[in-house]
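The values are calculated or read from the model by the stated rules, or taken from the named source; none is laboratory data. What you see is a predicted model, and the numbers here were worked out from it, not measured in a lab. Note that we place each Cβ from the backbone using ideal geometry, even for glycine, and neighbour counts take in every protein chain shown. SASA here: full protein model, heavy atoms, side chains in, ligands and nucleic acids out. Shrake-Rupley method; radii C 1.70, N 1.55, O 1.52, S 1.80 Å.
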Amino acid sequence: MGAKNKVIFGRIYCSGTSCSTESQSNSKFSSSISIASIFKSFKRKLVVGSFHSTPSFKSYVETCASLLRRCSCTHRLLSGLALQGHAVKCGISSDRSVFTKLLTMYSECNRPADQNRIFIEFAGSDIFSWNFMITDFARSGDIDSASNLFDQMPERNVVSWTIIIDELMKRGRVRDALGYFERCPCHTVVSYTAMINGFARNVMYLDGLLTFRRMIRYGLMPNEITFTCVITACGFCGEFDFANSVVGMIIKNVFGQNLSVCNSLITLYLRMGDAGMARKVFDGMVERDVVSWTALLDVYFQMGDLKEARHVFNKMPDRNEVSWSMMIARYSQSGEAVEALWLFKHMLCNGFKPNISSFASVISASASLENLLHGRSVHSHVVKFGCENDIFVASSLIDMYSKCGKSDDARRIFDSLAMKNIVCWNAMVGGYFYDGRMVEAKDLFMQLPERNAASWNAMISGFVQNELYEDVLETFNEMLTSGQVPSRMTFSSVLLACASLPSLEKGKNLHAKTVKLGIATEIFVGTALTDMYAKSGDIESSKSVFCLMPEKNEVSWTAMIQGLADSGLAEESLALFEDMKKTDINPSEPMFLSIIFACSHCRLVDKGFHYFESMDKVHGITPKERHYTAMVDLLSRAGLLRQAEDFIRKMPIQPEANTWAALLSGCVTHGNDGIGERAAKMVIELERQSTAGYVLLSNIYASVGRWKDVSKVRTLMRETGIKKGGGCSWIQIRDCFHAFYSWDSNHPNALEIYEVLELLIPEMIPCML
DNA sequence: CTAGGGTTAG
């Protein structure tokens, strides 16, 4: 024991105050023993009387300070207390270097009361101690005590000012920070940088840039940290000209090789949309860290090259939780939700702690998959890591439960939040719509403390999902009246509603509005317009909108191909499909549905089979039930009823009721009651509540003159309590749409509706009454 | 001979 302690003691004594050289001994026991032996040894050496001038006293103080520092590094409170006891006894506890180390030790060991006590006892006018205390108060969340302390300081240096400015900015108190900044008698690069970055933190980028300009005028030279902050601010607010002039300064002042400056430049060029330049910066760096590599990942994500991003991720020399979060977030945003979940799992397997960002991304991936099981399991991790009160995590949880149809679970999280932001409110409104709980959704919307475009969009798309198109238009009008400018999202939802309404007027009106806002050819709006015009029967306008779109995605092409097919322009639809195959867009599942449908309309049986077979063979898409149904429709319409029945019996998957219904409907057209009866039996068996089977069957009997069987089917329907649903129609009177049903003469505006109808189509009235 | 400002994800 003795030998070991002597070695430690000797090392400390000889190497002065260096903490790092003697941090090897890490057992609590040996550490406190060594401290005790130091004092024993020192007591022997100290000579009373020559105390204050001897070198041994100086060494004693230094050693004491050094040991205290070691105690705070290793959080050994007991040893620290023992040391303080000795220091007090020997009368050196008010020595500046001992005292500052004591302050640090109490702070590190989380003893604010003791820390405060010795501060009040000894601090006096020592600026360092005051600054230390201010930082400590601020970092523990008590910014008011921090600024009180600052105001009481007998004397301040520029560090004091910078601390208080930075801490106020971090807490969003921009005005207070600015007040201190203006009162600060002397500025440095650091105080200016704190100010610039403080503005940026509070989304006041332009003020940050102006402060930067003021700093240059003041004659201060920015350093690499200032440049990093300014470049980041430029990227956020899109001030690319300003950014370019800053880049000039960076190069002139030889900061072009600095690690963080280059890292921020990669992101700047990405925000400018110049992935090539971003890549160039990365290639030219002399030194790279995990931040540089993570930024490079985003370069490939922005170019849409997931493969290369994945490749870079695999070969990166180092990863941290941000790199993992980035991968999870981008995969989730690219619609690769399954891959996002996989990455999250592997992040945990690799020993990384999930953080708020990775939670938010992985929850939104589970939401888009509507995978409740996975969502719940991530939720349990969220609770385990104590992130359930984070607003980002909570709002994505609300969204996840909503999309899985669990609005009550969503509501529980919503209610548990002490601080809710507008995102949570909007997600919850959407949640009720997903569950079809319109009353609750509307109620909650009325309670919203503030409304943004997303709140209105939640209402509008909620009504669209529930096919309440009148409410869509009504809400849209309210939105305009409230002064809220509609977004792309709004237009694509409202246009979707217009596509389902008979009047083209509203749609045209909306088209005009989007032109005014300059978003008519934007991908989402343009696609919705294409769809709306096609569904409203104005295929020429649909085509012209489609052609004007500079960028088209899979959905846009589907809308146009489907629109042409549905308008009976089957040849054109097929030609467009061939055009699309020449671009880098791959045919999708719904597209094939339209293509087969188009073939069906033109009786192009062979072509239809060709496309159907190419799905699996060429494009690797497994045909779904509805594709088989479309094929049956193709064969049945062409009168190939026997082949159609054969086709169904050979299907590798269970046919849906609609598959048989397609055959049945062909039997009606071609008057085949033999196959028709079998098909009808299958339809009724697969879908007992549905009227379609019965109605079609009775139609077949009627078409071949089996009137007795017709009345048998009708009786059967009556007995099983199945009613034929009434038809629904729409009419527009002035600015309002009215839905009315064939049995509905109780509509509040019935009289007016009938009056209008009488003008239009007088012979329709008797059928409806 | 110690303090104050920073880059990547959400």
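A:Arg319: within 10 Å of DNA strand B (Cβ to nearest atom) and more than 16 Å from the chain's Cα centre (by Cα), yes or no? So A:Arg319 passes the test. For the condition more than 26 Å from A:Trp293 (Cβ to Cβ) and near DNA strand B (Cβ under 8 Å from one of its atoms), A:Val189 qualifies.
The set of residues in region A:265-291 that are closer than 14 Å to A:Met316 by Cβ and within 9 Å of DNA strand B (Cβ to nearest atom) comprises A:Asp289, A:Val290, A:Val291. Of all residues in region A:258-277, those satisfying the criterion of being assigned to a helix (DSSP H, G or I), of a type in the set (A, V, I, L, M) and surrounded by fewer than 18 Cβ atoms within 10 Å (Cβ to Cβ) are A:Leu259, A:Met277.
Yes/no per residue for (1) acidic (Asp, Glu); (2) surrounded by fewer than 19 Cβ atoms within 10 Å (Cβ to Cβ); (3) within 23 Å of A:Val605 (Cα to Cα):
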{"residue": "A:Glu645", "(1), (2), (3)": "yes, no, yes"}
{"residue": "A:Pro652", "(1), (2), (3)": "no, yes, yes"}
{"residue": "A:Pro655", "(1), (2), (3)": "no, no, yes"}
{"residue": "A:Thr669", "(1), (2), (3)": "no, yes, yes"}
{"residue": "A:Asn672", "(1), (2), (3)": "no, no, yes"}
{"residue": "A:Ala680", "(1), (2), (3)": "no, no, no"}
{"residue": "A:Val683", "(1), (2), (3)": "no, no, no"}
{"residue": "A:Gln689", "(1), (2), (3)": "no, yes, no"}
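Of the helices (runs of 4 or more DSSP H) entirely within region A:57-161, those holding at least 1 residues that are surrounded by 18 or more Cβ atoms within 10 Å (Cβ to Cβ), charged (D, E, K, R) and more than 15 Å from DNA strand B (Cβ to nearest atom) occupy A:112-122. Screening A:Trp342 against (1) surrounded by fewer than 14 Cβ atoms within 10 Å (Cβ to Cβ); (2) more than 11 Å from DNA strand B (Cβ to nearest atom) leaves a single unmet condition, (1).
For region A:407-414, check the following and say yes or no: at least one residue is touching a Lys or Arg at 6+ places or on another chain (Cβ under 7 Å), in a helix (DSSP H, G or I) and under 26 Å from A:Gly335 (Cβ atoms). Checking region A:407-414: at least one residue is touching a Lys or Arg at 6+ places or on another chain (Cβ under 7 Å), in a helix (DSSP H, G or I) and under 26 Å from A:Gly335 (Cβ atoms). The set of residues in region A:231-257 that are open to solvent by less than 60 Å² (accessible area, probe 1.4 Å), assigned to a helix (DSSP H, G or I) and within 10 Å of DNA strand B (Cβ to nearest atom) comprises A:Ile231, A:Thr232, A:Ala233, A:Gly235. Going by what's in this entry, would A:Lys353 be described as touching a residue at least 12 places away in the same chain (Cβ under 8 Å) and open to solvent by 50 Å² or more (accessible area, probe 1.4 Å)? So A:Lys353 passes the test. Among the residues of region A:162-181, those identified as of a type outside the set (D, E, K, R) and on the phi < 0 side of the Ramachandran plot are A:Thr162, A:Ile163, A:Ile164, A:Ile165, A:Leu168, A:Met169, A:Val174, A:Ala177, A:Leu178, A:Gly179, A:Tyr180, A:Phe181.
Taking region A:292-316 as the range and being touching a residue at least 12 places away in the same chain (Cβ under 8 Å), in a helix (DSSP H, G or I), over 22 Å from the mean Cα position of the chain (by Cα) and more than 10 Å from DNA strand B (Cβ to nearest atom) as the test, only A:Val312 passes. Only residues that are surrounded by fewer than 21 Cβ atoms within 10 Å (Cβ to Cβ), assigned to a helix (DSSP H, G or I) and away from DNA strand B (no atom under 13 Å from the Cβ) were counted in region A:322-339, giving 2.
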